[in-house]
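These notes concern the structure reproduced below.
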Amino acid sequence: MSDLAVNEFDRQEVAASPVEKFREYLATQGKRLTQERETIVREIFAEHEHFDSDQIVARLTQPRRDGGRVSRATIYRTISSLEEAGLIRKVARSNDREVYEHDYGYPQHDHFICEKCQQLVEFRNEEISAVLERVAADHGFRMSGHRLEVHGICAECAKPPSRRHRKLDMI
């Protein structure tokens, strides 16, 4: 999204591409990977960025070179299936829209979310992971992963106004 900042993480080596993993998942559900579903997966995984359903709809509902197009309903159903398959996950809500990111093939990371401008910043911190592992062990809990979203105000939004208002401007 244009109002979300993304720090790039190196993609991890994976045994199967997102398309192949989705094909495997669909097979377990008694479904097949249609051309439309494959187009959606390829579009979503073309770049590592946070996205919402409306962005994918805007990109894929236009007629394609082959004359076809992907329906809005197919996009929404496929995004839901990709989430169920563990290939993407919801990160946050931005302006009342669900924001997603890739989960498959990317390292564990956390997020800062600005409550004013909705900027989303990814970060990795091994110390946080180590603390969580220790706390989990203290409670006899076996962690399989974690998800941390820190809400607040980004540096840009926290800046004071660049000029002071004159008293006459405030009337």
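The values are calculated or read from the model by the stated rules, or taken from the named source; none is laboratory data. Worth saying up front: this structure is predicted, and the values here are computed from it rather than measured. Every residue, glycine among them, receives a Cβ derived from its backbone with ideal geometry; neighbour counts consider all protein chains shown.
Quickly run through segment 123-146 and pick out the residues that are free of Cβ contacts under 8 Å to residues at least 40 places away in the same chain and either closer than 17 Å to V91 by Cα or under 19 Å from the mean Cα position of the chain (by Cα) (or both).
Narrowing segment 123-146 to residues free of Cβ contacts under 8 Å to residues at least 40 places away in the same chain: 125-146.
Residues satisfying the conditions are N125, G145, H146.
Somewhere in segment 70-79, is a residue under 21 Å from Q118 (Cα atoms) and surrounded by 12 or more Cβ atoms within 10 Å (Cβ to Cβ)?
So far as segment 70-79 goes, no, none of its residues is under 21 Å from Q118 (Cα atoms) and surrounded by 12 or more Cβ atoms within 10 Å (Cβ to Cβ).
Yes/no matrix, rows are residues, columns are (1) surrounded by fewer than 17 Cβ atoms within 10 Å (Cβ to Cβ); (2) at pLDDT 85 or above:
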position: R11; (1), (2): yes, no
position: A16; (1), (2): yes, yes
position: E20; (1), (2): yes, yes
position: V41; (1), (2): no, yes
position: E84; (1), (2): yes, yes
position: R89; (1), (2): yes, yes
position: D96; (1), (2): yes, no
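Where the second residue is small (G, A, S) and part of a strand (DSSP E or B) and the first is over 23 Å from I56 (Cβ atoms) and at pLDDT 85 or above and lies in segment 101-122, which pairs have Cβ atoms under 8 Å and are six or more apart or on separate chains?
Taking only residues 6 or more apart or on different chains, the pairs are F112/G152; C114/G152; E115/G152.
Return the pair list, or none, for Cβ contacts closer than 6 Å from residues in segment 17-36 that are in contact (Cβ under 8 Å) with a residue 12 or more places away in the chain to residues that are in a helix (DSSP H, G or I), at least 6 apart or on different chains.
If the second residue must be in a helix (DSSP H, G or I), the pairs left are P18/V41; P18/F45; V19/E38; V19/V41; F22/V41; L33/R23; L33/L26; E36/T74.
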